[in-house]
Amino acid sequence: MRDTRRFVTVVGVLVILVATAIAASSQSSSIFGGPFSNLTPDQLALFEAGSEDFQEVEEVEDGLGPVFNEASCATCHSQPAVGGGSTRLETRFGRLNGGSFDPMVESGGSLLQDQGIGRVGRYKYDAERVPREATIVAQRRTTPLFGLGLVDAVSDATFEQLARMQERSTPETAGRVSMVIDLANKNKISVGKFGWKAQVPTLFQFAADAYLNEMGITNPLFPNENCPQGDCSALQGNPVPDLNDDGTGVTNFANFMTLLAPPPRGPITADVTAGEAIFRSIGCANCHVPALKTGHHSVRVLANQTFFPFSDFLLHDMGSLGDGIAQGDATGKEMRTAPLWGLRAITTFLHDGRAKSAEEAIQAHDGQGLDARNKFNSLDGRSKSLLGSFLDSL
């Protein structure tokens, strides 16, 4: 309860000295893609080993494929440094069946693997295609991983408390927690925090999921290979049918992400401070919550830390901005609030990368984001410029 009360206090305070707070904490790194400062030698060794594995290019003999998206984590998570995001888009598809979303698993959905390992004996593994029967096709942009160890260290109770607080104070924009299965914790129902739909509860599960679904590497958490285009008989030609990773790779990926520092904040000027006040006044901070607080953690730099992601990591009904894909606990209209830290290093915006600027992204807001968009449009030119200065500092 004490952590929750302190968290609520932090959320209610104007975050004017964010840069000073980050610079003074053990979280900071002076560059994008660096580890937390003040790691122990053993922790730094875990980060470096994880980084090496994260950048390794998988080969067919390692278990790559038979269908996959990329052969290395770093191929997608590369901008502005390893661990960042990219403009790489993946495709999801499905259809409505009696009003319910059908992921079309029998056709290889809902995630399309857009590469294949080619011919293996009498089998040929080509890139998957969106089936003609699909009525929903959505693109998903690769997101940065900076600082997500802090998000992972926030207790489920904190997110639940935040959702209740929003319901009381700003019901028109209140988010809800995404409740999903934590596969590594006896299938416990836990709060989802990662992915565009908050469909993943932990960084460990995030790593294991990506290893299978993006690279085709089976592992203890996800031991079953994806059936190419939904045809499981094609797996008879899988060149590496046994478990591809014994869990070592998943652990290394999770270590790297856990110990990857938040993005460094840009200079805080008078214009930036004024812009943040405008950001809050038009309701952006209702969902893009400035501050969160971690709980107890075995890694000291992650324990009881206040940090500034500018997201509540909750699901919100985004109306027409939703991608139509139901995933985890999220409906087709719901999306997880995207964190804004590191925004200045992003070149395409929104889940599908359609927006080429932060202002374009604001203009696309709908549903629970519509009121903030309308208030943005009512600002004068000077106020919009100040808000832009704030966003450019993140």
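To keep it simple, each residue is scored yes or no on (1) in the same structural domain as Leu212 (by TED's automatic domain parsing); (2) over 26 Å from the mean Cα position of the chain (by Cα).
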| residue | (1), (2) |
| --- | --- |
| Cys227 | yes, no |
| Leu235 | yes, yes |
| Thr248 | yes, no |
| Thr273 | no, yes |
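To keep it simple, each residue is scored yes or no on (1) in a helix (DSSP H, G or I); (2) small (Gly, Ala, Ser); (3) in contact with an Asp or Glu (Cβ under 7 Å, 6 or more places away or on another chain).
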position: Phe222; (1), (2), (3): no, no, yes
position: Gln229; (1), (2), (3): yes, no, yes
position: Val250; (1), (2), (3): yes, no, no
position: Pro262; (1), (2), (3): no, no, no
position: Ala274; (1), (2), (3): yes, yes, no
Selection status of Ile278, within 26 Å of Glu334 (Cα to Cα) and at pLDDT 95 or above: yes
Taking only the stretch 350-363 into account, find how many residues are in contact (Cβ under 8 Å) with a residue 24 or more places away in the chain, crowded, with 17+ Cβ neighbours inside 10 Å and within 18 Å of Cys287 (Cβ to Cβ). 3
Residue in the stretch 138-174 that is surrounded by the fewest Cβ atoms within 10 Å (Cβ to Cβ), counting only those that are aliphatic (A, V, I, L, M) and not in a loop (DSSP other than H, G, I, E, B): Ala157
Output the number of residues of the stretch 330-344 satisfying the condition of being farther than 13 Å from Val289 by Cα and under 15 Å from the mean Cα position of the chain (by Cα). 5
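Collect the residues in the stretch 299-343 that are assigned to a helix (DSSP H, G or I) and within 20 Å of Ala372 (Cβ to Cβ), keeping them in residue-number order.
Gly319, Ser320, Leu321, Leu343
Residues are listed down the side, and each one gets a yes or a no for (1) buried (at least 20 other Cβ atoms within 10 Å of the Cβ); (2) in the same structural domain as Ala163 (by TED's automatic domain parsing); (3) over 25 Å from the mean Cα position of the chain (by Cα):
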residue	(1), (2), (3)
Asp231	no, no, yes
Asn252	yes, no, no
Ser281	no, yes, yes
Thr294	yes, yes, no
Gly322	yes, yes, no
Single match in Lys186, Lys197 (criterion: within 27 Å of Arg92 (Cα to Cα), assigned to a loop (DSSP other than H, G, I, E, B) and outside the structural domain of Gly34 (by TED's automatic domain parsing)): Lys197
For the stretch 28-43, how many residues are in contact with a Pro (Cβ under 6 Å, 6 or more places away or on another chain) and within 17 Å of Ala254 (Cβ to Cβ)? 0
Please specify each residue of the stretch 349-378 satisfying the condition of being hydroxyl-bearing (Ser, Thr, Tyr) and within 19 Å of Arg140 (Cα to Cα). Ser357
Return the total of residues in the stretch 105-137 being surrounded by 16 or more Cβ atoms within 10 Å (Cβ to Cβ) and in a helix (DSSP H, G or I). 1
Looking at Ser100, Ser29, Ser37 in this structure, which one is in contact with a strand residue (DSSP E or B) (Cβ under 8 Å, 6 or more places away or on another chain) and more than 25 Å from Arg354 (Cα to Cα)? Ser29
Positions within the stretch 86-104 being farther than 15 Å from Glu128 by Cα, in contact (Cβ under 8 Å) with a residue 40 or more places away in the chain and not in a strand (DSSP E or B), in sequence order: Ser86, Thr87, Arg88
Give the residues of the stretch 76-128 that are over 17 Å from Glu214 (Cβ atoms), of a type in the set (Phe, Trp, Tyr) and under 23 Å from the mean Cα position of the chain (by Cα), sorted by residue number. Phe101
Could you run through the stretch 233-250 and say how many residues are surrounded by 13 or more Cβ atoms within 10 Å (Cβ to Cβ), within 23 Å of Gln55 (Cβ to Cβ) and not hydrophobic (A, V, I, L, M, F, W, C)? 4
List the number of the failed condition for Arg336; all other conditions in (1) in contact (Cβ under 8 Å) with a residue 40 or more places away in the chain; (2) closer than 22 Å to Ser110 by Cβ; (3) touching an Asp or Glu at 6+ places or on another chain (Cβ under 7 Å) hold. (3)
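The values are calculated or read from the model by the stated rules, or taken from the named source; none is laboratory data. Keep in mind it's a predicted model, so treat the numbers as computed, not measured. So basically every Cβ, Gly included, is an ideal-geometry build from the backbone, and we count neighbours across all protein chains shown.
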